[in-house]
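First comes the structure, then the notes that go with it.
The values are calculated or read from the model by the stated rules, or taken from the named source; none is laboratory data. In this text, all values refer to a predicted model and were calculated from it rather than measured experimentally. Positions of Cβ are generated from backbone atoms using ideal geometry, with glycine treated the same way; all protein chains shown enter the neighbour counts. Accessible surface is based on the protein model in full, side chains and every heavy atom, while ligands, DNA and RNA are left aside. Shrake-Rupley method; radii C 1.70, N 1.55, O 1.52, S 1.80 Å.
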Amino acid sequence: LKPRAEWENPRCFGIGKEHACSSHKAAESRAAALGGSSERRLSLNGTWRFRWSERAPEGRPDGAFASPEFDDGEWAEIAVPGNWELQGYGFPIYTNVQYIFEHTPPTISYKGPTPGPHYNPVGEYRRTVEMPWDPAMGPVYLHIGAVTSAVFVWVNGKEVGYSQDSKLPAVFDITKHVAKGEPCVIALFVFCWCDGAYLEDQDMWWLAGITRDVFLYQRPRVRVRDHTVRASIDCDGAEHFGAGRVEVDLEIFGWS
C-alpha cells in the first residue's frame, strides 16, 4: 500500500529537526543555572487553543489553521502537557498482544467497532506568545518534549518541520520566523497514530497528545551544542586505574 504522507512513510522520521544531543539545559550564568530561572527559556506549558477530529487527513495537513490571521475563537482549550483522551476527546485504548489497527504497514487502518482508515484522531494546537529575544543575538529554538505519535510544526504560518517518536524530544530552529517584541504563533498538528506506532504498540494504554514540556529557548552565538563523557577503568592486579574524556561539540551562529 502506498503511504499517503510523511506519517505513513517508513523512510521519514523527521523533517527540519535538530540533531539529537545529550539532555542538558543552558543558562546565562551559574546563578541562573542553579536557580532554574534562566531568561533564555520561555515555557509554553499551560492552556492552548485546541480542535480535535477523529479523522486524519487523506494527505499531509495544509496548515491553513497555522496562519497568524486564522480565527480560533470558537476552538476549545486544552492543558499542555496532557493527553487529550483524559480531557474529553476520544477514548483511551489498552492493547496487549494485538494491534489496534490492521497489520498493513505502513498504513493505519483502525479495527475497532467501526473499522477502517477513517478513525485516526488528530489534534490541532495553537499558542501565541510575545517573542522576548532578538534573533540577531543568537538562534531561537522550539522544544517539544514528547508528542504521540507524530506532529507537523508551523511558526507564524511557516512550516518548520515534522517529527515522529512518542518518547523523544523534537527541537526546531525557528530563528528566521520570529522577531523580538512581535507575536509568535506556534501551531501543531498531532496524529494519534503514524507508521511508527507499529513499533510502539503492545501491552500499553494508547493516549495521544503533547505529553511533556514545551518551551522556547535562545542560545548565544557561540555555544556548546552537545557534550559526551566517556569513562573507563583498567585493572592491573590489585591496582585500579580510571580514565575519562569529555568531548564537546561547539557551534557558532551564522556560520554555514
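Provide the per residue accessible area, probe 1.4 Å, for the chain, rounded to a whole number of square angstrom.
In whole numbers, the chain has 54 Å² accessible per residue.
Any idea what the alpha-carbon Rg over 2.2 N^0.38 Å comes to for the chain?
1.15
When we measure straight from the Cα of Lys111, which lysines land under 21 angstrom away, once same-chain ones fewer than 8 places off are left out?
Lys2
Mind checking which lysines have their Cα closer than 16 Å to the Cα of Lys176? Skip sequence neighbours fewer than 8 apart in that chain.
Qualifying lysines at Cα under 16 Å: Lys17, Lys158.
In whole Hz and in residue order, list the ³J(HN,Hα) couplings for the stretch 119-124 that follow from phi through the Karplus curve 6.51 cos²θ - 1.76 cosθ + 1.60, θ = phi - 60°; x for Gly and Pro.
9, 8, x, 10, x, 9
Quick check: from the Cα gyration tensor, does the stretch 146-256 come out rounded (a/c under 1.5), prolate or oblate?
Oblate, since a/c reaches 1.5 and b/c is not below a/b.
Once you keep just the Cα pairs under 8 angstrom separated by 6 or more residues, what percentage relative contact order results for the chain?
It rounds to 25 percent for the chain.
May I ask you to list the residues of the stretch 132-158 whose amide nitrogen lies under 16 Å from a point 7 Å from Cα along the Cα→beta-carbon direction of Arg225?
Backbone N within reach: 138-142.
Can you sort Tyr125, Tyr198 by solvent-accessible area, 1.4 Å probe, largest first?
Tyr198, Tyr125
Which of the peptides 242-248, 35-41, 151-157, 78-84 is most tightly packed, and how do the rest follow, going by the mean number of other Cβ atoms within 10 Å of each residue?
Put in order of decreasing packing, that is 151-157, 78-84, 35-41, 242-248.
In debye to the nearest 20, how big a dipole does the stretch 146-245 give about its Cα centre with +1 on each Lys and Arg Cβ and -1 on each Asp and Glu Cβ?
Result for the stretch 146-245 is approximately 780 debye, rounded to the nearest 20.
Roughly how many percent of the accessible protein surface of the chain is carbon and sulfur, given a 1.4 Å probe and a whole-percent answer? The partial results should precede the final answer.
Working: 7360 of 13860 Å².
The value for the chain is 53 percent carbon and sulfur by accessible area.
Accessible area, 1.4 Å probe, largest first: how do Ile15, Ile100 sort?
Ile15, Ile100
Near the amide H of Arg40, under 5 Å away, which other amide H atoms are found, from residues 5 or more places off or on another chain, if H is placed in the peptide plane?
Distant-sequence amide H within range of Arg40: Glu28.
I need the Debye-formula profile for the stretch 22-118: one equal scatterer per C-alpha, no solvent, reported as log10 I(q)/I(0) at q = 0.14, 0.20 1/Å, two decimals.
Reported log10 I(q)/I(0), two decimals: -0.87, -1.12.
Enumerate the amide H contacts of Ala150 below 5 Å, restricted to partners 5 or more residues apart or on another chain; note that Pro and chain-start residues carry no placed amide H.
Correct list: Phe191.
Net charge within 12 Å of Gly157 by Cβ-Cβ distance, Lys/Arg positive one each and Asp/Glu negative one each, not counting Gly157 itself?
Counting the neighbours of Gly157, the net charge comes to -1.
As a test of reading the structure, rank Asp234, Asp72, Asp134 by solvent-accessible area (1.4 Å probe, protein chains only), most first.
Most to least solvent-accessible, the answer reads Asp234, Asp134, Asp72.
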